[in-house]
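Written below as structure tokens is the structure these notes are about.
The values are calculated or read from the model by the stated rules, or taken from the named source; none is laboratory data. The structure presented is a predicted model; accordingly, all values stated were derived computationally and were not measured. Reconstructed Cβ throughout: ideal geometry from the backbone, glycine too, with neighbour counts over all protein chains shown. Note: accessible area is taken over every heavy atom of the protein model, side chains too, but ligands, DNA and RNA are not part of it. Shrake-Rupley method; radii C 1.70, N 1.55, O 1.52, S 1.80 Å.
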Amino acid sequence: MIKAVIIDDEPKARQGLHLAIKKYCPDIEILSLCDSPEMGLKKINELEPDLVFLDVQMPKMSGFDLLDKIDEINFDVVFVTAHDKYAIKAIKFSALDYLLKPIDIDELVSAVQKISKKKENTKIKYQSLLSNVNETSKATSKAKAISRLAIPTENEIILQPIMDIIYCEADSSYTTLHLINDKKITVAKTLKEFENMLPEIEFCRIHHSTLVNMSHVLKYVKGEGGYIIVSNNAQLNVSRRKKDYFLHLLHES
């Protein structure tokens, strides 16, 4: 039996999720329904649940703020959110589970099944998520794009300054980041995941396998699609389909 806590300030959402879990997820025992993040923190410390269903948007303290107050996250989390676009991107980038309101039963059952089968330590994933959310929060308050990206690997989190990324190159389900000073990082994430996380006004998908930092583009050579030269002297092809948008960003930068 998986012992769980629900934390959500909306009564209907809280009760609705509880009823759905009771009916469709018999392996879950709900220990407490918490109507505020403060109560949620208290119950997590008291009850030591295996799983927390955590609302992202709550007054005074978001779900991310709540997690940031916990020294050791030794439970699984399923995030529950209504519409926060960046929060969903950050959660997906860290390979964590989430549910959209209103709750879809099939998605609920799927999330619970994944957690039941999961054996790996997710501590690094939560740390990378909180780092990216905090970075976005700081950038938003200053009306700027994020300045670094927290990239989770198997054993560590790489806090990578975005300005040092020259381009990202796809290799099946992996992505290689080509950095300044001839450095490279290969990560078990798709290029699409990096495209979703990196600022779209600074990074352009110029090819199905290439995402380039526009500030590192030195030269564009015309052709059917053409190609560019970037700051490490690499030559990167621009596809015909991506050409117009690339040239638009090039003129804007």
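Here is how the numbers come out for the structure above:
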read-out: Scan of the stretch 228-253 for residues that are open to solvent by 90 Å² or more (accessible area, probe 1.4 Å) and in a strand (DSSP E or B), ordered by number; value: Q235, N237
read-out: Candidate set: the stretch 178-195, residues that are among the β-branched types (V, I, T) and touching a residue at least 24 places away in the same chain (Cβ under 8 Å); chosen: the one least open to solvent (accessible area, probe 1.4 Å); value: V187
read-out: Qualifying residues in the stretch 15-38 (those that are part of a helix (DSSP H, G or I) and free of Cβ contacts under 8 Å to residues at least 40 places away in the same chain) - the one farthest from L108 (Cα to Cα); value: E38
read-out: Neighbours by Cβ (under 9 Å, 6+ apart or cross-chain): first from the stretch 159-174, farther than 9 Å from N213 by Cβ and in contact (Cβ under 8 Å) with a residue 40 or more places away in the chain; second of a type in the set (V, I, T) and open to solvent by 30 Å² or more (accessible area, probe 1.4 Å); value: A170/T190
read-out: Output for the stretch 216-227, where each listed residue is open to solvent by 90 Å² or more (accessible area, probe 1.4 Å) and either modelled with pLDDT of 95 or more or aliphatic (A, V, I, L, M) (or both); value: L218, K219
read-out: Lone qualifier among I146, I201 - being under 18 Å from K89 (Cβ atoms) and open to solvent by less than 50 Å² (accessible area, probe 1.4 Å); value: I146
read-out: Residue check for D71: farther than 21 Å from V133 by Cα and either of a type in the set (V, I, T) or open to solvent by 50 Å² or more (accessible area, probe 1.4 Å) (or both); value: no
read-out: Any chance A95 is touching a strand residue (DSSP E or B) at 6+ places or on another chain (Cβ under 9 Å), open to solvent by 30 Å² or more (accessible area, probe 1.4 Å) and touching a residue at least 12 places away in the same chain (Cβ under 8 Å); value: yes
